1. Over the protein assembly as shown, average the accessible area per residue using a 1.4 Å probe and give it in Å², no decimals.
2. For the pair B:Met39 and A:Asp69, how long in nm is the line joining their label points, each one 7 Å along Cα→Cβ?
3. Would you work out which of B:Val89, B:Asn101, B:Leu112 lies farthest towards the positive end of the dipole of region B:54-115? Charges go on Cβ: Lys and Arg +1, Asp and Glu -1.
4. What Kirkwood hydrodynamic radius, in Å, does chain B give when the mean of 1/r is taken over all pairs of distinct Cα atoms and then inverted?
5. Order these peptides, A:7-15, A:34-42, by their mean beta-carbon neighbour count within 10 angstrom, highest first.
6. Roughly how many nanometres apart are two label points built 7 Å out from the Cα toward the Cβ at B:Ser27 and A:Gln81?
7. Once every Cα of region A:58-112 carries one equal point scatterer and solvent is ignored, give the base-10 log of I(q)/I(0) from the Debye formula at q = 0.14, 0.22, 0.29 Å⁻¹, two decimals.
8. If the only charges are +1 at each Lys and Arg Cβ and -1 at each Asp and Glu Cβ, what is the size of the charge dipole of region B:36-115 around the Cα centre, to the nearest 20 debye?
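The values are calculated or read from the model by the stated rules, or taken from the named source; none is laboratory data. These numbers come from a predicted model, not from an experiment. Virtual Cβ from ideal backbone geometry, glycine too; neighbours counted across all protein chains shown. Accessible surface is based on the protein model in full, side chains and every heavy atom, while ligands, DNA and RNA are left aside. Shrake-Rupley method; radii C 1.70, N 1.55, O 1.52, S 1.80 Å.
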Amino acid sequence: KNQVEQSPQSLIILEGKNCTLQCNYTVSPFSNLRWYKQDTGRGPVSLTIMTFSENTKSNGRYTATLDADTKQSSLHITASQLSDSASYICVVSAYGNNDMRFGAGTRLTVKP
Amino acid sequence: DAGVIQSPRHEVTEMGQEVTLRCKPISGHDYLFWYRQTMMRGLELLIYFNNNVPIDDSGMPEDRFSAKMPNASFSTLKIQPSEPRDSAVYFCASSFRSNSNQPQHFGDGTRLSIL
């Protein structure tokens with residue numbers, strides 16, 4: 001069964017610190033992996049999209065990595081800000097169709 | 001720059017009633033998606049359209065759910081009759097050209113409560 005597992009489920013860090021969120025998947029054949037940020041009460045916002053051939057992609061203070069061999073991705077947040085408090089969702093798509101598998105998300109809280 | 005617009009933002013109704021959720025995608029986008037989000041199950045894709053044509057409705061939970069896209073700028077998701085277990089946040093999203101490597105732009109959702 002194609003699945004996406006995210007860890008940790010929740011995370012609390014102090015403002016200014018870095019953190020890394022993990023996403024492991026078994027979706028096959030792999031097409032792309034997306035990271036979304038979802039603020040409370042809002043829709044998800046796309047942070048990065050990576051295909052098989054990409055292993056790093058940055059969007060400001062957010063850097064996503066992808067290891068297609070081990071089927072792992074990470075989202076690294078540098079110099080966290082209070083506004084980074086949100087849920088981060090990993091979504092993996094299978095090649096050849098639009099079957100998207102969603103992780104349960106990581107709830108990040110940044111405290112002053 | 002208008003994003004995806006959903007209405008209503010909140011809906012509270014009694015079980016058995018018909019519920020209609022509305023979505024206006026971003027102009028020029030040719031893919032439209034309907035999602036449901038709950039604490040227990042997270043985000044689930046219900047159905048998506050390409051150029052107003054339903055492509056995959058395998059995520060629609062049961063026959064009580066139906067979705068239409070009469071034109072490129074409007075879509076509806078209807079639940080009839082509604083049940084308490086349908087309570088969730090329903091999101092609409094749209095994307096441009098190929099779905100695969102283009103970002104999906106989400107609306108802010110409709111929070112549906114069925115009493």
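1. Values: 11260 Å² over 227 residues.
Spelled out: the 1.4 Å probe surface of the protein assembly as shown, per residue, equals 50 Å².
2. A separation of 4.2 nm, rounded to one decimal place.
3. In region B:54-115, that residue is B:Asn101.
4. On the way: mean 1/r = 0.0713 Å⁻¹.
One over the average 1/r among Cα pairs gives 14.0 Å for chain B.
5. Working: A:7-15: 12.4, A:34-42: 17.7.
The densest-packed peptide leads the list: A:34-42, A:7-15.
6. Distance between the two pseudo-spin positions: 3.0 nm.
7. Reported log10 I(q)/I(0), two decimals: -0.48, -0.98, -1.25.
8. Details: 8 positive and 8 negative charges, 31 e Å.
With Lys and Arg at +1 and Asp and Glu at -1, about 160 debye.
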